[in-house]
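Right, one structure below, let's go through it.
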Amino acid sequence: MKTFYIETFGCQMNAHDSEKVAGTLLQQGYTQVENPEEAELILYNTCSIRDKAEQKVFSRLQQFKRESGKGKVFGVLGCVAQQEGEKIFERAPHVSLVAGSASYTKLPQLLVQLEAGNRRVTGLSLDTGETFDTPFTRRDNPHRAYITIIEGCDKACAYCVVPMTRGPERSRTSESVLREARSLAELGYSEVQLLGQNVNSYRDPSDTQWDFARLLRAVGEIDGLRRVRFTTSHPRDFVKEMVAAIDQDERLCNHVHLPVQSGSSDVLSRMQRLYSRDQYMRCIEWMKRAKRDIAITTDIIVGFPGETEADFLETVSLIEQIEYDSMFIFKYSKRPNTPALRYDDHIPEEEKTRRFLFLQERQRAIQIRRNSRYVGTTEEVHVEGYNLATHQWIGRTSQNKTLNFIDPDLPEPRGARTLVGQYMDVLVTRAGPNSLAGERATNRPASIS
Ligand code: SF4
């Protein structure tokens, strides 16, 4: 059993966990293959944030239930593994490994058990102070690297499974984070993204006792790094020092993702989000008053149990007051073992859909308005790829906006000649709700960000 295939569902934390799982397997002498048919070991790194996400892994496993699965070993990793545990062996008897993210540090031992022929191998303990801190990481993106600085979550939002699937908060030492960031810069990475369920709950467990703002500054000062991003922040732990750090160092990207979830303080209290609308607005005001133009994005749940029309209209008024650069809207989804499951007044699906579409339409108009401000300005992008269909290079601004552009000097990749990984000045000529378009700037007039 020396070839493996890994498929990832869900968030950036999962994507980076899979990079580290793959790195550990390669270090153990495995070879990675690109499709499950070729693999002897098939791993699914799963997400259980919504029911639909959870069902995906079982439909994958279903495909290999008969002949096609013969001689293969299957493993379920991540949040569904931790949530469902040994029940997965009953539901999918051809699965041999079930391990949650808090057990990845034990992966080499779990593999030894599998290689010894054990067909009911589990890693399900959440009782750990450890973080999955490994030098063996097979990174997907050669230009932008993830760095997990904190794992788990100590909050208890009423709709969320994460505390039950990823365990208690545990931060890496600042020294280990800085060591990883420096080695990435030496490898030629110019952009890193700091990751955590609540990245700003970070607290260095070593003597420095650094908080997130202090760590962010230190990462920004590493030679060779040109852009530092971070996600996801929690409003309860959002402090002015984070805005000051962004304002004082251009290498810290001027984009903050700050999930609000609802504009109604009543709903926020029943969601157990630990802040009110006013407290959230204070964080927004700090960013709106910053010297740099900080792009703000968010997550919103519509149809949380008991959300009245008035509550919903408070969410509408909040997005119109703040004018987010973009947002992810989710319909409330019942999740196992979460407090909200026991709440009454579950909102009918059609009504959730009505609220979802209404908010989406309002936000679309806001994004068109906000993005049109960039037309005629020049923005610096980090080039991430090339779109064969539109014959445009794909760039990303410091504010995390997609800016697709043409370059008369190099209209498309030519052999080794490519713009991917480079930083370019682009003159913005058009704006849409979700992206900007432009052409390579020959000189550098004013920019917004
Ligand atoms: S802060 Fe809330 S929503 Fe975020 S991971 Fe923790 S429990 Fe889930």
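Between Ala416 and Gln27, the modelled label-to-label distance comes to 3.1 nm, taking each label 7 Å out from Cα in the direction of the beta carbon.
If the only charges are +1 at each Lys and Arg Cβ and -1 at each Asp and Glu Cβ, what is the size of the charge dipole of the range 2-123 around the Cα centre, to the nearest 20 debye?
280
Evaluate E = 1/(1 + (r/R0)^6) for Arg430 and Asp223, where r is the Cβ-Cβ distance and R0 equals 35 Å; express this FRET efficiency to the nearest 0.05. Step by step, r from the Cβ atoms, then E = 0.45.
Of the three principal axes defined by the Cα atoms of the range 375-440, the extents in descending order read 32, 21, 18 Å. Using 0.36 nm per residue and subtracting the Cα-Cα separation, the extra length available between Glu309 and Leu114 on full extension is 64.9 nm.
Here the range 141-253 is assigned +1 on the Cβ of each Lys and Arg and -1 on the Cβ of each Asp and Glu. Its dipole about the Cα centre then comes out at about 300 debye. Within the shell of other residues whose beta carbon sits under 10 angstrom from the beta carbon of Val162, the net charge comes to +3, with Lys and Arg scored +1 and Asp and Glu -1.
Placing unit charges on the Cβ atoms of the charged side chains and taking the dipole of the range 196-342 about its Cα centre, the candidate lying farthest along the positive direction among Trp286, Phe330, Val316 is Phe330. A rounded overall shape is assigned to the range 2-123, the ratio a/c of its alpha-carbon gyration tensor axes (a ≥ b ≥ c) being less than 1.5. Ordering of 194-202, 47-55, 337-345 by packing is 194-202, 47-55, 337-345, highest average first (other Cβ atoms within 10 Å, averaged per residue).
Using alpha carbon centroids, what distance separates the range 354-368 and the range 191-210, in Å? Their Cα centres are 34 Å away from one another.
For the range 84-234, just say rounded, prolate or oblate: build the C-alpha gyration tensor, square-root its eigenvalues into a ≥ b ≥ c, call rounded for a/c under 1.5, and beyond that prolate if a/b exceeds b/c, oblate if not. In terms of gyration-tensor shape, prolate.
Only aspartates and glutamates eight or more places from Lys401 in sequence, or on another chain, were considered; those with a Cα closer than 18 Å are Glu191, Glu250, Asp293, Asp299, Glu323, Asp325, Glu379, Glu380, Glu384, Asp425, Glu439. Largest GNM mean-square fluctuation among Gly71, Gly220, Gly123, using the chain with Cα springs under 10 Å: Gly71. Taking a ≥ b ≥ c as the square roots of the Cα gyration tensor eigenvalues, with a/c under 1.5 meaning rounded and otherwise prolate when a/b beats b/c, else oblate, which class fits the range 169-304? Verdict is prolate for the range 169-304. The magnitude of the dipole of the chain, with charges of +1 and -1 set on the Cβ of Lys/Arg and Asp/Glu and taken from the Cα centre, is near 360 debye. Taking the Cβ of Leu341 as the center, what net charge do the other residues with Cβ under 15 Å away carry, scoring Lys and Arg +1 and Asp and Glu -1? Result for the local shell: +1. Annotation note: GluC sites (Glu not before Pro) in the range 252-358 located in DSSP loop regions with a Cβ neighbour count of at most 16 within 10 Å are Glu323. The residue among Gly432, Thr131, Leu268 whose Cα reaches farthest toward the positive pole of the charge dipole of the chain, with charges on the beta-carbon of Lys, Arg, Asp and Glu, is Gly432. The residues of the chain have, on average, 43 Å² of accessible surface per residue, using a 1.4 Å probe with all protein chains present. Here the chain exposes an accessible surface that is 50 percent carbon and sulfur, computed with a 1.4 Å probe and the other protein chains kept in place. Toward the positive end of the charge dipole of the chain, with +1 on the Cβ of Lys and Arg and -1 on the Cβ of Asp and Glu, the farthest Cα among Ser68, Ile300, Leu359 is that of Ser68. In percent, rounded to a whole number, the relative contact order of the chain is 10, using alpha-carbon pairs under 8 Å and six or more apart. Once all protein chains are placed together, Lys70 keeps about 140 Å² accessible to a 1.4 angstrom probe. Cross-link reach is defined here as a Cα-Cα straight distance under 18 Å, omitting same-chain residues fewer than 8 places apart; for Lys352 the lysines meeting it are Lys52, Lys331, Lys334.
Taking a straight line from the alpha carbon of Lys20, these lysines sit under 20 Å away, with near neighbours fewer than eight places off in the same chain left out: Lys2, Lys106. The accessible area of Lys288, taken with all protein chains in place and a 1.4 Å probe, comes to roughly 100 Å².
Amide H to amide H distances under 5 Å link Thr418 with no residue, where only residues 5 or more positions off or on other chains count and H is placed in the peptide plane. By the Cβ distance rule of under 4.7 Å, the chain has these cysteines without a partner: Cys11, Cys47, Cys79, Cys153, Cys253, Cys283.
Within 10 Å of each candidate Cβ there may be at most 14 other Cβ atoms; applying that plus a DSSP loop requirement, which trypsin sites (Lys or Arg not before Pro) in the range 101-168 survive? In loop regions of the range 101-168 (DSSP not H, G, I, E or B), the sparsely surrounded trypsin sites (Lys or Arg not before Pro) are Arg119, Arg120. For the chain, list log₁₀ I(q)/I(0) at each q in 0.07, 0.11 Å⁻¹, using the Debye formula over Cα point scatterers of equal strength and ignoring solvent, two decimals each. With one equal scatterer per Cα and no solvent, log10 I(q)/I(0) is -0.38, -0.98.
The values are calculated or read from the model by the stated rules, or taken from the named source; none is laboratory data. What you see is a predicted model, and the numbers here were worked out from it, not measured in a lab. Because the Cβ atoms are built from the backbone with ideal geometry, glycine has one as well, and the counts that use them run over all protein chains shown. We work out accessible area using only protein heavy atoms, side chains counted, and drop any ligands, DNA or RNA first. Shrake-Rupley method; radii C 1.70, N 1.55, O 1.52, S 1.80 Å.
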